[in-house]
1. Quick check: from the Cα gyration tensor, does the range 79-163 come out rounded (a/c under 1.5), prolate or oblate?
2. Restricting to the range 3-159, what percent of DSSP beta bridges are antiparallel, rounded to 5?
3. Just from its helices, what would the mean residue ellipticity at 222 nm be for the chain, if runs of 4 or more DSSP H residues each count -39500 (n - 2.57) and the sum is divided by every residue, rounded to the nearest 500 deg cm²/dmol?
4. Does the range 1-117 come out rounded, prolate or oblate by the C-alpha gyration tensor, with a ≥ b ≥ c the root eigenvalues, rounded set by a/c under 1.5 and, if not, prolate when a/b is larger than b/c and oblate if not?
5. Between the range 120-163 and the range 93-107, how many Å separate their Cα centres?
6. Defining a contact as two alpha carbons under 8 Å apart and six or more residues distant in sequence, what relative contact order in percent does the range 3-159 show?
7. Rounded, prolate or oblate: which fits the range 1-64, taking a ≥ b ≥ c as square roots of the Cα gyration tensor eigenvalues, rounded meaning a/c under 1.5, else prolate when a/b beats b/c?
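Values quoted throughout were computed directly from the atomic coordinates according to the rules given, and no laboratory measurement underlies them. Worth saying up front: this structure is predicted, and the values here are computed from it rather than measured.
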């Protein structure tokens, strides 16, 4: 898919993958589903669900590294700063031949516009947190999160997934 098509599809994902309500129990279910997916697929990823400044779920699978926790922190900062998927922001910056630091004055030590963090939206409320995966190539990190959100929300992943 071309960059413009990916950006458009991610916008569709961000509109479709919204919760009616989301609390700590929902965060645990979402994180646990991602952990089960990683375990079944034998993926060395780290998984994080955060409700703004409060950690709600974290798991590091065999094969993940301490670096994954730092990638999560930096990707999550992008999702929470822009209320957009970190992958969408990265694609938009690449299209503009820009960087987080150059365009927004945001240090790369604190922000990573790479795929894997997705804002958690509650209808009528807005963004209340983010779910993040780190350890795979960025497009795969993004797709894994979208797949889990679609499953939890009963949405058809075939119509949402990036090819």
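1. Values: a/c = 2.09, a/b = 1.50, b/c = 1.39.
Prolate.
2. Of those bridges, close to 90 percent are antiparallel.
3. On the way: 6 runs with 80 residues, N = 163.
Mean residue ellipticity, 222 nm, calculated: -15500 deg cm²/dmol.
4. In terms of gyration-tensor shape, prolate.
5. With the range 120-163 and the range 93-107 each reduced to a Cα centre, they are spaced 24 Å.
6. Values: 285 pairs, mean separation 42.1, N = 157.
Relative contact order comes out at 27 percent.
7. Oblate, since a/c reaches 1.5 and b/c is not below a/b.
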